[in-house]
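Read the structure below first, then the notes.
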Amino acid sequence: MSMLRKLNSKIGARTGYQVRRVPAAPPAPGNLNAVPAPRGPRPERPAIGGGAGAVRGPVDPAVDRLLERPVLILTSVRSGSTLLRMMLGAHSRLHAAHELHLTGLEVYFKSHSPTEKSLRALGLGYEELEGLLWDRTLHRELVKSGKSFIVEKTPGNAFAWRRIAETWPDARFLYLRRHPAAVARSWHEAVPDRTRAEAAARVLQYMEAMEDAYAELGGHVLRYEDLTADPAARLRDICAFLELEYEPGMLDYGSSLEGAVLGGGFGDWNDKIRSGRVQPDRPAPTQDEIDDVLRPMCRAWGYL
């Protein structure tokens, strides 16, 4: 006897109802490989408290956060952040994980549902729940490392700096700059089907976001060219900013390569990174190699 017939025998004896199998709808003709339709946009994130003008409550570190004083590197793509991450990770008190892309991690619950009602009664909306999830994820990684502070360096964080600062009010920010034309050149070379103009326009968006963050949050500014020219001096500056003792082993970061996650989506993975030591930078772009759209930022950052 089939499972369905057994189920009907039991249910029918008690209720008189029968269970039948509903056939799945056939795929649309000519569209066998179609991607399933998304669930639909998530409802707007109303502030805790309900009505118009309600303001989200401040984060209470005593109950809302496990992490203390995380270190966030705000930077553009192709700016040397993997090198900086590896050197910081060689410090005995800093754990620098691969790019974690936490801001792409979201929570969802149905609007006007009992779940929403219950969670909002606890003072938890979408952003509050995501903050808890981000914090718990990073804290888990930090505890596994046995170190004191975590370092996160996903370049996309530059576009979410305000959310990050709200999530961790005690976060410390490092701003890694590199010659804007060198960044655009490197990104164009990494993805040749992207035009040079497209690369320049996109990396400029990262840099403008970094400037906005620095204007509001402050922090420590570092140039990639200075890091490769005199790494010991620049690492001393960073350690002073983070209130940590400088450790010479940060220069020879080979120890932090062991077990490190490298590859697409995690950060740079070229031979220079895998060497375990700081390598000389490439010659700076010539004046003719600087796209007009990048010249104001080059001037603002002292590269012209």
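At-a-glance table
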item: Only one of GLU128, GLU116, GLU141 that is in contact (Cβ under 8 Å) with a residue 40 or more places away in the chain and surrounded by fewer than 19 Cβ atoms within 10 Å (Cβ to Cβ); result: GLU141
item: Unmet requirement for GLU245, which otherwise passes all of (1) outside any loop (DSSP other than H, G, I, E, B); (2) at pLDDT 95 or above; result: (1)
item: Flag for SER148 being on the phi < 0 side of the Ramachandran plot, surrounded by fewer than 14 Cβ atoms within 10 Å (Cβ to Cβ), among the small types (Gly, Ala, Ser) and over 18 Å from the mean Cα position of the chain (by Cα); result: no
item: Single residue of LYS153, LYS144 found to be in contact with a His (Cβ under 9 Å, 6 or more places away or on another chain) and closer than 28 Å to LEU294 by Cα; result: LYS153
item: Criterion (at pLDDT 95 or above and either surrounded by 17 or more Cβ atoms within 10 Å (Cβ to Cβ) or hydroxyl-bearing (Ser, Thr, Tyr) (or both)) met by exactly one of ARG223, ARG299; result: ARG223
item: Subset tally (residues that are at pLDDT 95 or above and in contact with an Asp or Glu (Cβ under 7 Å, 6 or more places away or on another chain)) for the stretch 74-94; result: 2
item: Whichever residue in the stretch 95-134 is of a type in the set (Lys, Arg) and in a helix (DSSP H, G or I) and, among such residues, is nearest to VAL151 (Cα to Cα); result: ARG120
item: Filtered residues of the stretch 141-156 (kept if hydroxyl-bearing (Ser, Thr, Tyr) and not in a helix (DSSP H, G or I)); result: SER148, THR154
item: Close pairs from the stretch 223-246: first among the β-branched types (Val, Ile, Thr), partner surrounded by fewer than 16 Cβ atoms within 10 Å (Cβ to Cβ) and at pLDDT below 95, Cβ under 9 Å, at least 6 apart; result: THR228/GLN279; THR228/PRO280
item: Identity of the residue in the stretch 91-113, surrounded by 12 or more Cβ atoms within 10 Å (Cβ to Cβ) and without any contact (Cβ under 8 Å) to a residue 40 or more places away in the chain, that ends up nearest to CYS239 (Cα to Cα); result: VAL107
item: Whichever residue in the stretch 249-296 is outside any loop (DSSP other than H, G, I, E, B), basic (Lys, Arg) and under 25 Å from VAL221 (Cβ atoms) and, among such residues, is modelled with the lowest pLDDT; result: LYS272
item: ALA158 being surrounded by fewer than 18 Cβ atoms within 10 Å (Cβ to Cβ), under 18 Å from the mean Cα position of the chain (by Cα), small (Gly, Ala, Ser) and on the phi < 0 side of the Ramachandran plot; result: no
item: Selection from the stretch 178-191 of residues that are among the basic types (Lys, Arg) and either more than 21 Å from the chain's Cα centre (by Cα) or surrounded by fewer than 24 Cβ atoms within 10 Å (Cβ to Cβ) (or both); result: ARG185
item: Residue check for ALA233: modelled with pLDDT of 95 or more, out of contact with any Phe, Trp or Tyr (no Cβ under 7 Å at 6 or more places or on another chain), farther than 19 Å from THR286 by Cβ and surrounded by fewer than 17 Cβ atoms within 10 Å (Cβ to Cβ); result: yes
item: Residue selected from the stretch 175-201 under the condition touching a Ser or Thr at 6+ places or on another chain (Cβ under 8 Å) and of a type in the set (A, V, I, L, M), by the criterion nearest to ALA284 (Cα to Cα); result: VAL183
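The values are calculated or read from the model by the stated rules, or taken from the named source; none is laboratory data. Since the structure is predicted, the reported quantities are computational estimates derived from the model, not experimental observations. In this analysis, Cβ positions are derived from the backbone assuming ideal geometry, glycine residues included, and neighbour counts consider all displayed protein chains.
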